[in-house]
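Working notes for the structure below.
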Amino acid sequence: MVQIEANQQYYYGTGKRKTAIARVRLYLDDGGPIIVNGKPMDEYFGWTTWQGVINDAFRVSDTANRFRVIVKVEGGGVNGQAEAIRHGIARALVVYDANLKTGLRRAGFITRDARIKESKKYGLKRARRAPQYTKREK
């Protein structure tokens, strides 16, 4: 677990994707590891694709290795959490510098992806799956 000084300034952004919610803090330092729920990012997200998704916002805005990132993320699956962190980082970067907003929006990182699981309807087996039709009843 990494201890943070209480009086240090940070830029905050909340990211959401499906049911995952990420609270992101960007500290203006010379970079360092991205800490997710008290663990380094490469330990929390073992797959390099998820690590790449998280770093996309820094790559698009050319702000790599400028910030120390502390993230608390909950809910959803691993992919949803990675995309929620990316959304939160993009929002925090806009708080840091509003000029970065156009590039991040063009890449699609500012817009909240509102696609969530559709709820089940009564009389159906799932959200839209109807019970199987049987021609002959006994």
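The figures follow:
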{"item": "Qualifying position, being modelled with pLDDT under 95, over 11 Å from the mean Cα position of the chain (by Cα), surrounded by 11 or more Cβ atoms within 10 Å (Cβ to Cβ) and not small (Gly, Ala, Ser), among ARG105, ARG136, ARG68", "result": "ARG68"}
{"item": "One residue from ARG112, ARG126, ARG136 being in contact with a strand residue (DSSP E or B) (Cβ under 7 Å, 6 or more places away or on another chain) and among the charged types (D, E, K, R)", "result": "ARG112"}
{"item": "Residue within the range 32-51 that is in contact with a Lys or Arg (Cβ under 9 Å, 6 or more places away or on another chain), without any contact (Cβ under 8 Å) to a residue 60 or more places away in the chain and part of a strand (DSSP E or B) present", "result": "yes"}
{"item": "Checking ASN7 against (1) assigned to a loop (DSSP other than H, G, I, E, B); (2) of a type outside the set (Lys, Arg); (3) under 13 Å from the mean Cα position of the chain (by Cα), the condition it does not meet", "result": "(3)"}
{"item": "Qualifying positions in the range 82-101 - over 15 Å from PHE58 (Cβ atoms) and either exposed (fewer than 11 other Cβ atoms within 10 Å of the Cβ) or in contact with a Phe, Trp or Tyr (Cβ under 6 Å, 6 or more places away or on another chain) (or both)", "result": "ALA98, ASN99"}
{"item": "Some residue of the range 96-107 being part of a helix (DSSP H, G or I) and in contact with a strand residue (DSSP E or B) (Cβ under 7 Å, 6 or more places away or on another chain)", "result": "yes"}
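The values are calculated or read from the model by the stated rules, or taken from the named source; none is laboratory data. This structure is a prediction, so every number in the text was calculated from the model and none was measured. All Cβ positions, even for glycine, are placed from backbone atoms using ideal geometry, and neighbour counts span all protein chains on display.
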